[in-house]
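Engineer: Please find one structure pasted underneath; my questions will follow.
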Amino acid sequence: MNKYKDLLLGRIADHLVLNSPFLTNTGLFHGMMGVILFFAHYARYKQSTYYEKLVGDLFADLYEDISDDTPVNFENGLSGIGWGILYLLKNDFIDGSADIILKNIDSKLLAVNVKYVNDFSLEHGLQGMYYYISMRVQYANQIPFTYEYMSEWNIIKDKAELHTDFDINSQLVDLANTKLELIGSGLGLCDGCSGYGLMLLMS
């Protein structure tokens with residue numbers, strides 16, 4: 001099984017190396033952030049400096065591609081990207097200060113008047129945003145959000161019973177496509193190579 005697993009992971013890695021440069025989506029579920037998470041775990045699994053460097057290069061490209069037009073949602077936007085960055089920092093896949101790296105993302109989230117958002121979904125609504133907010137507060141030397149902003153979140157969290165922790169290990173079962181075919185498949189975590197590869201690595 002390990003030989004088959006290694007072979008399949010190698011095929012996924014090769015496929016992503018060839019095709020990820022053409023990704024225009026920077027997000028967590030369907031874009032570059034999900035690809036980076038796969039390569040981070042794969043680099044550690046293979047103990048490969050090549051893939052470690054690739055993670056750094058892809059992350060630098062992703063960071064440059066974040067723009068004012070990037071949405072704030074978790075599926076394709078800043079909340080998911082920010083959560084992914086925190087995940088990389090937390091697990092020592094990248095080095096740096098969360099307060100510095102995430103300054104612009106924090107500012108964009110802070111500008112959202114959450115009490116007027118009626119979407120509570122993970123993908124596009126408050127649940128996804130809250131996954132980032134709650135994790136961000138845990139890894140801040142100085143809380144980047146105002147007292148009023150966090151008070152609004154506390155009210156919403158209690159009313160809507162929002163979850164505080166996005167557990168990627170359990171969520172991958174729902175996100176990843178277990179009947180993946182490399183040719184013609186997506187590249188991201190959701191129904192894509194990265195999600196299937198991560199599920200293999202974490203199994």
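Engineer: Out of the residues in region 132-149 meeting the condition of being of a type in the set (Val, Ile, Thr) and closer than 21 Å to GLY77 by Cα, tell me which one is least open to solvent (accessible area, probe 1.4 Å). Steps first, answer last, please.
Structural biologist: We begin by selecting, within region 132-149, every residue of a type in the set (Val, Ile, Thr); these are 133, 137, 143, 146.
If we keep only those that are closer than 21 Å to GLY77 by Cα as well, we get 133, 137.
Numbers: ILE133: 0, VAL137: 47 Å².
Per the criteria, the residue is ILE133.
Engineer: Of the conditions (1) within 16 Å of LEU187 (Cβ to Cβ); (2) open to solvent by 90 Å² or more (accessible area, probe 1.4 Å); (3) among the polar types (S, T, N, Q), ASN19 fails just one. Which one is it?
Structural biologist: Condition not satisfied by ASN19: (2).
Engineer: Would you point out the residue of region 65-85, among those that are assigned to a helix (DSSP H, G or I) and more than 21 Å from MET202 (Cα to Cα), that is most open to solvent (accessible area, probe 1.4 Å)? Give the derivation first.
Structural biologist: Quick first cut of region 65-85, residues assigned to a helix (DSSP H, G or I) only: 65, 78-85.
Applying the additional criterion that residues be more than 21 Å from MET202 (Cα to Cα) yields 65, 78-79, 82.
Details: ASP65: 94, LEU78: 3, SER79: 0, GLY82: 0 Å².
Taking the candidates together, the pick is ASP65.
Engineer: Considering PHE120, PHE166, which residue is touching a residue at least 24 places away in the same chain (Cβ under 8 Å), among the hydrophobic types (A, V, I, L, M, F, W, C) and either in contact with a Gly (Cβ under 7 Å, 6 or more places away or on another chain) or open to solvent by less than 30 Å² (accessible area, probe 1.4 Å) (or both)?
Structural biologist: Working: PHE120 fails: either in contact with a Gly (Cβ under 7 Å, 6 or more places away or on another chain) or open to solvent by less than 30 Å² (accessible area, probe 1.4 Å) (or both).
Exactly one residue qualifies, and that residue is PHE166.
Engineer: Follow-up. Look through region 10-59, keep the residues that are outside any helix (DSSP H, G or I) and of a type in the set (Ser, Thr, Tyr), and return whichever of them is farthest from SER194 (Cα to Cα). Spell out the reasoning first.
Structural biologist: Applying the first criterion (outside any helix (DSSP H, G or I)) to region 10-59 yields 23-31, 47-48.
Filter once more, so that each one left must be of a type in the set (Ser, Thr, Tyr): 24, 26, 48.
Working: THR24: 16, THR26: 13, SER48: 18 Å.
Applying the filter and picking the extreme gives SER48.
Engineer: Please go through (1) open to solvent by 10 Å² or more (accessible area, probe 1.4 Å); (2) aliphatic (A, V, I, L, M); (3) within 19 Å of ASP165 (Cα to Cα) for LEU88 and return the number of the only condition it doesn't satisfy.
Structural biologist: LEU88 satisfies every listed condition except (1).
Engineer: Collect the residues in region 1-16 that are touching a residue at least 60 places away in the same chain (Cβ under 8 Å) and either open to solvent by 10 Å² or more (accessible area, probe 1.4 Å) or under 26 Å from MET129 (Cβ atoms) (or both), keeping them in residue-number order.
Structural biologist: Taking region 1-16 first, the residues touching a residue at least 60 places away in the same chain (Cβ under 8 Å) are 5, 8-9, 11-13, 15-16.
Of everything in region 1-16, those that are touching a residue at least 60 places away in the same chain (Cβ under 8 Å) and either open to solvent by 10 Å² or more (accessible area, probe 1.4 Å) or under 26 Å from MET129 (Cβ atoms) (or both) turn out to be LYS5, LEU8, ARG11, HIS15.
Engineer: Okay, moving on. Within region 150-163, how many residues are of a type in the set (Asp, Glu) and open to solvent by 60 Å² or more (accessible area, probe 1.4 Å)?
Structural biologist: Pass one, region 150-163, residues of a type in the set (Asp, Glu): 152, 158, 161.
After this cut, where a residue has to be open to solvent by 60 Å² or more (accessible area, probe 1.4 Å) as well, the list is 158, 161.
Total satisfying the criteria: 2.
Engineer: Here's a follow-up. Test LEU62 against the stated conditions and say whether it is in contact with a Ser or Thr (Cβ under 8 Å, 6 or more places away or on another chain), open to solvent by less than 20 Å² (accessible area, probe 1.4 Å) and either in a helix (DSSP H, G or I) or under 20 Å from ARG136 (Cα atoms) (or both).
Structural biologist: On the way: in contact with a Ser or Thr (Cβ under 8 Å, 6 or more places away or on another chain): yes; open to solvent by less than 20 Å² (accessible area, probe 1.4 Å): yes; either in a helix (DSSP H, G or I) or under 20 Å from ARG136 (Cα atoms) (or both): yes.
The answer is yes for LEU62.
The values are calculated or read from the model by the stated rules, or taken from the named source; none is laboratory data. Values in this document were obtained by computation on a predicted structure and should not be read as measured data. We place every Cβ from the backbone using ideal geometry, glycine too, and count neighbours over all the protein chains shown. For the accessible areas, the whole protein counts, side chains as well, though only heavy atoms, and no ligand, DNA or RNA atoms are used. Shrake-Rupley method; radii C 1.70, N 1.55, O 1.52, S 1.80 Å.
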